[in-house]
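Everything on this sheet refers to the single structure shown next.
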Amino acid sequence: MVPAEVFLTFILMLSIFLGLELIHKVPATLHTPLMSGSNAISGITLAGAVGLAGTGQQDLANWLAAGAVALASINVVGGYLVTDRMLAMFRKKGD
């Protein structure tokens, strides 16, 4: 039987490899819809982190949850700003 750490490390490496392969093969016209989907996933992460931050468990869990809230918030806000800027490139000049 394979130890859990080895199995999880393999899954992590496989997901990194597949993610890089998929990102490099995405045409430029699909970046905006994919960014919007990524923002939705980050919003789910933010909701989970907020839920974990208020549990009052161990100090380490609270610090990690606070860090997750901060990073997910930056990701969501930055993602929406980038998406809005990308969509502005496709608007007519008079609008």
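General observations
- Accessible surface computed residue by residue for segment 29-89, with neighbouring protein chains in place and a 1.4 Å probe, gives 68 Å² per residue.
- Label-point separation, residue 70 to residue 90 (7 Å along Cα→Cβ), nm: 3.5
- Of (i) 32, 23, 8; (ii) 29, 16, 9; (iii) 44, 22, 8, the label for semi-axes √(5λ) of the Cα gyration tensor in Å derived from the coordinates: (i)
- Across 45, 55, 83, mean-square fluctuation computed from a Gaussian network of the chain (C-alpha pairs under 10 Å connected) peaks at 55.
- Using θ = phi - 60° and Karplus 6.51 cos²θ - 1.76 cosθ + 1.60, couplings along segment 70-80 (whole Hz; Gly, Pro as x): 5, 5, 5, 5, 4, 5, 5, 5, x, x, 5
- Applying both filters, DSSP loop and at most 11 other Cβ atoms within 10 Å, to the trypsin sites (Lys or Arg not before Pro) of segment 6-95 gives 25, 91, 92, 93.
- The chain - percent of accessible surface contributed by carbon and sulfur, probe 1.4 Å: 73
- Entry note, segment 29-89: relative contact order of 44 percent, from Cα contacts under 8 Å with a spacing of 6+ residues.
The values are calculated or read from the model by the stated rules, or taken from the named source; none is laboratory data. Bear in mind the structure is a predicted one, so any value in this text is a computation, not a measurement. Using ideal geometry, Cβ is built from the backbone for each residue, glycine included, and neighbour counts are taken over all protein chains shown. Remember, those area values only see protein heavy atoms, side chains included, never the ligands or the DNA or RNA. Shrake-Rupley method; radii C 1.70, N 1.55, O 1.52, S 1.80 Å.
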